[in-house]
Amino acid sequence: MTAGADKSVKLWNPYKQILLQTYMGHGYEVLDVQSSADSSHITSAGMDKCVFYWDVSTAQIVRKYRGHASYINAVKFNEESTVILSASVDNTVCAWDCRSKSREPIQILRDAKDSVTSLSVSDHEILTSSLDGCIRRYDLRMGQMHQDDLGCSLNCVTFTKDGQCVLASCLDSTLRLVDKDGGEVLSEYTGHKNESYRVDSCLNNTDSLVVSGSEDGCVYAWDLIEVSKDTSWCFEVQLLLLKY
């Protein structure tokens, strides 16, 4: 799936390089998109401040959620794809019930002091990054919020596959691997450029590689343990979103 400045979401077959479907309905640039666990629905959001919930097969809007005061940086389904989470420049995260006909958020997280830039979701935790420099982890089982201040603006955060650590992209051109429970910075990865806007980062499926986009048009990869070893692939475009 791709989301673009042309106000559309597109579904592709990457193996045959065929466009399967185009989803139109946004009034402004689309900044993020994700599919449900069974691939039957899509959620998307962007600069029109609305969360869209789509039927994949019909390309129709099932529901549109309004409630944010500014544009939306990120959207994610929970693991059961029954709830959509949206992170906004208005400093909040909203939760929307896909099964209900209500268009009001079922919960609003208001802890961030600046724009919430990204989301990551596990079976019982919500992870957020913010320009206020804090990683916030919401434990849904315990009803608690844990906060780690990294001292620099954050634009992307994700869990490692083993769930023990958090990878954070910072606007000082540094990636930081943080112990999830203790908040200690375990490793730092540098060499790419990220100072002006959101650039995604992630880990591969075995947690052996750290991968990040860059404002210089390259994709950088580091060995998780041997930090000094890095590889880069360069493209003649600006890279914003990255998934492994």
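What follows is calculated from the coordinates using simple rules that are stated; it is not laboratory data. All figures in this text were calculated on a predicted structure; none of them were measured in a lab. Neighbour counts run over all protein chains shown; Cβ positions are idealised from the backbone, glycine included.
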With the Cα gyration tensor of segment 132-215 in hand, give its eigenvalues times 5 under a square root as the equivalent ellipsoid semi-axes, listed largest first in whole angstrom.
21, 15, 10
Relative to the Cα centre, what is the charge dipole magnitude of the chain, using +1 at the beta carbon of each Lys and Arg, -1 at the beta carbon of each Asp and Glu, and rounding to the nearest 20 debye?
1080
Suppose the chain between Ala95 and Asp179 were pulled fully straight at 0.36 nm per residue; how much longer would it get relative to their current alpha carbon spacing?
27.6 nm
Magnitude of the Cβ-charge dipole (Lys and Arg +1, Asp and Glu -1) of segment 139-199 about the Cα centre, nearest 20 debye, reported as 280
Label-point gap, in nm, between Lys193 and Val62 - each point 7 angstrom along Cα→Cβ
4.2
Using a 7 Å offset from the Cα along the Cα-to-Cβ direction at both Met145 and Glu215, what is the distance between the two label points in nm, to one decimal?
2.9
From the cross-link list Lys7/Lys113; Lys64/Lys101; Lys7/Lys193; Lys7/Lys49, which pairs have alpha carbons spaced over 18 Å apart?
Lys7/Lys113; Lys7/Lys193
With the chain reduced to its Cα atoms and the Debye formula applied, log10 I(q)/I(0) at q = 0.07, 0.15 1/Å amounts to -0.22, -1.07
Gyration tensor (Cα only) of segment 18-110 to equivalent ellipsoid, semi-axes in Å sorted down, yields 20, 15, 11
How would you classify segment 53-94 from its alpha-carbon gyration tensor, with a ≥ b ≥ c the square roots of the eigenvalues: rounded for a/c under 1.5, else prolate if a/b is greater than b/c, otherwise oblate?
oblate
So for the chain: antiparallel DSSP bridges make up what percent, rounded to the nearest 5?
100
